[in-house]
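**Student:** Following this message is one structure expressed as C-alpha coordinates.
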Amino acid sequence: MVKDKIDRMLEARRRLAKQLPDPSIVLAGSLMKRMIRCNKPGCRYCEKGRGTGHGPIWILSVTAGNRRVRQIPVPAHLRQETKAGVRRYGEIQKWLRQVSRVNVDLLEERKKR
Ligand SMILES: [Zn+2]
(Lines give C-alpha, C1' and ligand atoms only; values in the text may rest on other atoms or scores of the structure.)
Protein backbone atom coordinates (compact mmCIF):
# COMPACT_ATOMS: atom_id res chain seq x y z
CA MET A 1 0.00 0.00 0.00
CA VAL A 2 2.64 2.50 1.08
CA LYS A 3 4.89 1.11 -1.61
CA ASP A 4 2.29 1.89 -4.28
CA LYS A 5 2.09 5.44 -3.12
CA ILE A 6 5.86 5.84 -3.29
CA ASP A 7 5.91 4.29 -6.76
CA ARG A 8 3.32 6.79 -7.90
CA MET A 9 5.36 9.64 -6.49
CA LEU A 10 8.52 8.38 -8.18
CA GLU A 11 6.63 8.16 -11.45
CA ALA A 12 5.34 11.72 -11.02
CA ARG A 13 8.89 12.82 -10.35
CA ARG A 14 10.20 11.10 -13.48
CA ARG A 15 7.49 12.78 -15.54
CA LEU A 16 8.29 16.16 -14.04
CA ALA A 17 12.02 15.74 -14.57
CA LYS A 18 11.41 15.30 -18.30
CA GLN A 19 9.53 18.58 -18.43
CA LEU A 20 12.47 20.82 -17.63
CA PRO A 21 12.20 23.74 -20.03
CA ASP A 22 15.37 24.33 -22.08
CA PRO A 23 17.61 26.17 -19.63
CA SER A 24 20.16 27.34 -22.18
CA ILE A 25 18.55 30.76 -22.65
CA VAL A 26 18.00 31.73 -19.00
CA LEU A 27 18.69 35.23 -17.78
CA ALA A 28 18.58 35.75 -14.02
CA GLY A 29 17.49 39.32 -14.01
CA SER A 30 14.55 41.59 -14.51
CA LEU A 31 13.70 43.65 -17.52
CA MET A 32 12.49 47.16 -16.91
CA LYS A 33 11.92 50.24 -18.96
CA ARG A 34 13.10 53.66 -18.12
CA MET A 35 12.98 57.16 -19.54
CA ILE A 36 16.29 58.95 -19.89
CA ARG A 37 17.32 62.58 -19.87
CA CYS A 38 19.76 64.00 -22.37
CA ASN A 39 20.35 67.19 -20.32
CA LYS A 40 20.73 69.26 -23.48
CA PRO A 41 19.60 72.81 -22.83
CA GLY A 42 16.25 73.58 -24.45
CA CYS A 43 15.28 69.94 -25.09
CA ARG A 44 11.50 69.85 -24.82
CA TYR A 45 11.49 66.20 -23.74
CA CYS A 46 13.70 66.93 -20.79
CA GLU A 47 12.22 70.24 -19.71
CA LYS A 48 12.23 70.54 -15.92
CA GLY A 49 8.92 69.54 -14.34
CA ARG A 50 7.15 68.95 -17.67
CA GLY A 51 9.24 66.79 -19.98
CA THR A 52 8.99 63.04 -19.67
CA GLY A 53 12.47 62.37 -21.03
CA HIS A 54 13.46 60.18 -23.98
CA GLY A 55 12.61 56.56 -24.47
CA PRO A 56 11.65 54.35 -22.98
CA ILE A 57 14.85 52.36 -23.08
CA TRP A 58 14.91 48.82 -21.75
CA ILE A 59 17.31 47.78 -19.03
CA LEU A 60 18.18 44.31 -17.86
CA SER A 61 18.91 44.47 -14.17
CA VAL A 62 21.15 41.63 -13.02
CA THR A 63 22.25 40.98 -9.48
CA ALA A 64 25.91 40.04 -9.49
CA GLY A 65 27.71 38.76 -6.41
CA ASN A 66 28.47 40.98 -3.42
CA ARG A 67 25.15 42.86 -3.71
CA ARG A 68 26.14 44.63 -6.88
CA VAL A 69 23.53 45.20 -9.53
CA ARG A 70 24.43 45.49 -13.18
CA GLN A 71 22.13 47.54 -15.36
CA ILE A 72 22.50 46.53 -18.97
CA PRO A 73 20.71 48.53 -21.67
CA VAL A 74 18.94 46.21 -24.12
CA PRO A 75 18.58 47.36 -27.73
CA ALA A 76 15.22 46.85 -29.45
CA HIS A 77 16.41 43.97 -31.62
CA LEU A 78 17.41 41.94 -28.54
CA ARG A 79 14.41 42.78 -26.40
CA GLN A 80 12.24 39.74 -27.25
CA GLU A 81 15.13 37.36 -26.73
CA THR A 82 15.95 38.99 -23.40
CA LYS A 83 12.31 38.83 -22.32
CA ALA A 84 12.24 35.13 -23.17
CA GLY A 85 15.38 34.50 -21.12
CA VAL A 86 13.96 36.27 -18.07
CA ARG A 87 10.66 34.40 -18.46
CA ARG A 88 12.47 31.09 -18.79
CA TYR A 89 14.33 31.71 -15.55
CA GLY A 90 10.99 32.07 -13.77
CA GLU A 91 9.62 28.92 -15.43
CA ILE A 92 12.59 26.90 -14.27
CA GLN A 93 12.30 28.21 -10.74
CA LYS A 94 8.67 27.12 -10.80
CA TRP A 95 9.70 23.74 -12.15
CA LEU A 96 12.30 23.34 -9.39
CA ARG A 97 9.70 24.12 -6.74
CA GLN A 98 7.42 21.44 -8.20
CA VAL A 99 10.16 18.81 -8.16
CA SER A 100 11.07 19.81 -4.62
CA ARG A 101 7.44 19.52 -3.51
CA VAL A 102 7.32 15.92 -4.78
CA ASN A 103 10.61 15.15 -3.03
CA VAL A 104 9.39 16.60 0.26
CA ASP A 105 6.27 14.42 0.02
CA LEU A 106 8.47 11.46 -0.83
CA LEU A 107 10.63 12.08 2.22
CA GLU A 108 7.56 12.19 4.46
CA GLU A 109 6.23 9.03 2.90
CA ARG A 110 9.51 7.14 3.22
CA LYS A 111 9.76 8.01 6.91
CA LYS A 112 6.57 6.05 7.48
CA ARG A 113 8.14 2.80 6.41
ZN1 LIG B 1 16.34 65.49 -23.93
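The values are calculated or read from the model by the stated rules, or taken from the named source; none is laboratory data. From a predicted model like this one, the values you see are computed outputs, not experimental measurements. Reconstructed Cβ throughout: ideal geometry from the backbone, glycine too, with neighbour counts over all protein chains shown. What goes into the accessible areas is simple: the full protein's heavy atoms, side chains included, and nothing from ligands, DNA or RNA. Shrake-Rupley method; radii C 1.70, N 1.55, O 1.52, S 1.80 Å.
**Student:** Normalised by the residues of the stretch 15-113, what does the relative contact order come to in percent, with Cα pairs under 8 Å and at least six apart?
**Tutor:** Dividing the mean separation by the residue count of the stretch 15-113 yields 31 percent.
**Student:** If you fit an axis through the alpha-carbon atoms of helix 79-111 and take the longest principal axis of the Cα set of the chain, what angle between them do you get, 0 to 90°, nearest 10?
**Tutor:** 30
**Student:** Right, another one. Counting other Cβ atoms within 10 Å, which GluC sites (Glu not before Pro) in the stretch 1-106 have at most 16 and lie in a DSSP loop?
**Tutor:** Loop-located and lightly packed - E47.
**Student:** Probe of 1.4 angstrom, ligands and nucleic acids ignored: what's the accessible area per residue over the chain, in square angstrom?
**Tutor:** 79
**Student:** Tell me which of G90, I57, V102 sits at the most positive position along the dipole axis of the chain, charges placed on C-beta atoms (Lys, Arg +1; Asp, Glu -1).
**Tutor:** Among G90, I57, V102, the one farthest towards the positive end of the dipole of the chain is I57.
**Student:** Right, another one. What percentage of the solvent-accessible surface of the stretch 9-77, computed with a 1.4 Å probe over protein heavy atoms, is contributed by carbon and sulfur atoms?
**Tutor:** Answer for the stretch 9-77: carbon and sulfur cover 54 percent of the accessible area.
**Student:** How tilted is helix 2-18 with respect to the longest principal axis of the chain? Cα atoms for both, answer in degrees (0 to 90, nearest 10).
**Tutor:** Its long axis makes an angle of about 30 degrees.
**Student:** Once you put a point 7 Å from the Cα of K33 and another 7 Å from the Cα of H54, both along the Cβ direction, what distance in nm separates them?
**Tutor:** Between K33 and H54, the label points sit 1.7 nm apart.
**Student:** Right, something else. For n ≥ 4 DSSP H runs only, could you compute -39500 (n - 2.57) per run for the chain, divide by its residues and tell me the 222 nm figure to the nearest 500?
**Tutor:** Rounded to the nearest 500, the figure is -15500 deg cm²/dmol.
**Student:** Let me ask you something else. Translational D (Stokes-Einstein, µm²/s) of the stretch 23-72 at 25 °C and 0.890 mPa s when Rh comes from the Kirkwood sum over C-alpha pairs?
**Tutor:** Rounded, D is 190 µm²/s.
**Student:** Moving to a separate point now. Spin-label point model (7 Å from Cα, Cβ direction): what's the L16 to I92 distance in nm?
**Tutor:** 1.8
**Student:** Roughly how many debye, to the nearest 20, is the charge dipole of the chain about its Cα centre, given +1 on each Lys and Arg Cβ, -1 on each Asp and Glu Cβ, and no other charges?
**Tutor:** 320
**Student:** Cα-Cα pairs above 26 Å in the chain: how many percent?
**Tutor:** 49
**Student:** Moving on to the next point. Are there cysteines in the chain with no second cysteine's Cβ under 4.7 Å away, and if so, which?
**Tutor:** C38 - these cysteines have no disulfide-compatible partner (Cβ-Cβ under 4.7 Å) in the chain.
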